[in-house]
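These notes concern the structure reproduced below.
The values are calculated or read from the model by the stated rules, or taken from the named source; none is laboratory data. These numbers were taken from a predicted model, which means no experiment stands behind them. With ideal geometry, Cβ positions are generated from the backbone for all residues, glycine too; neighbour counts draw on all protein chains shown.
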Amino acid sequence: MHHLDLYQFRQEIREHSIILSFEGTMSQGVLTALIDALREKVIANTTDLPNSMQYTIRKICAILVELAQNIQTHSLEQAFQGNTSSGLGIIVVREGKTSFTLTSGNNMLKTNADKLAAYCSQLNDLDEVGLKVLYKEALRKERANHSNDGGIGLIDMKRKSAQGFAYDIQAIDDKVVFFSLSVNLDKTV
């Protein structure tokens, strides 16, 4: 087995301002632990916790949940435990001076990744009014179809971030890609 230079790994984590990182199965138990760890880490790094920062922590956790749930549901790689399955992927949270960046990544079929990229681009092009209209349409569609695939989570993340998504598609082979999605969240409301 290849030796891992843990000191160098630690330096890279610090250099990239990573405050939380997880790679593996996104089960409900893992998600709960990630939220708790993230909340503790952000609070520990904040000298005083004004109301605006508490609100920001709630938004960070909501976006983390959505990213993890997208991995649980849409990752091509699935781990099975009994009758339930959970997707495999990676989530990284970085803290800059003025913002947090949450990034997730997982394997997807290229056709699905292309559709997701187009939807993210569509959301990036909308202003707050357009997002609100699309959100209401997606809610009506979800209720009418009794389904959970109207893209509401992505719309909600975009509304919380007030910035565009950044995404990247890296080919693994001619059918499978690694799709990563980043969301920035300002520290101040």
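Checking the conditions here, which among ALA62, ALA113, ALA144, ALA138 is small (Gly, Ala, Ser) and within 20 Å of ILE169 (Cβ to Cβ)?
ALA113
What is the number of the single condition among (1) small (Gly, Ala, Ser); (2) outside any helix (DSSP H, G or I); (3) in contact (Cβ under 8 Å) with a residue 60 or more places away in the chain that GLY153 does not meet?
That leaves (2) as the condition not met.
Can you say whether SER75 is surrounded by 13 or more Cβ atoms within 10 Å (Cβ to Cβ), under 18 Å from SER182 (Cα atoms), without any contact (Cβ under 8 Å) to a residue 60 or more places away in the chain and among the hydroxyl-bearing types (Ser, Thr, Tyr), as far as the supplied structure shows?
When the stated conditions are applied, SER75 passes them.
Could you list, in sequence order, the residues of segment 1-28 that are within 20 Å of LEU64 (Cα to Cα) and out of contact with any helix residue (DSSP H, G or I) (no Cβ under 9 Å at 6 or more places or on another chain)?
ILE13, HIS16, SER17, GLU23
Restricting to segment 29-39, name every residue that is touching a helix residue (DSSP H, G or I) at 6+ places or on another chain (Cβ under 9 Å) and either hydroxyl-bearing (Ser, Thr, Tyr) or within 17 Å of ASN70 (Cα to Cα) (or both).
VAL30, LEU31, LEU34, ILE35
Does ILE91 meet the test of being outside any helix (DSSP H, G or I), crowded, with 16+ Cβ neighbours inside 10 Å and touching a residue at least 40 places away in the same chain (Cβ under 8 Å)?
When the stated conditions are applied, ILE91 passes them.
When you go through SER86, SER99 one by one, which is the residue that is within 26 Å of ASP174 (Cα to Cα), modelled with pLDDT under 95 and surrounded by 14 or more Cβ atoms within 10 Å (Cβ to Cβ)?
Just a single option satisfies the conditions, and that option is SER86.
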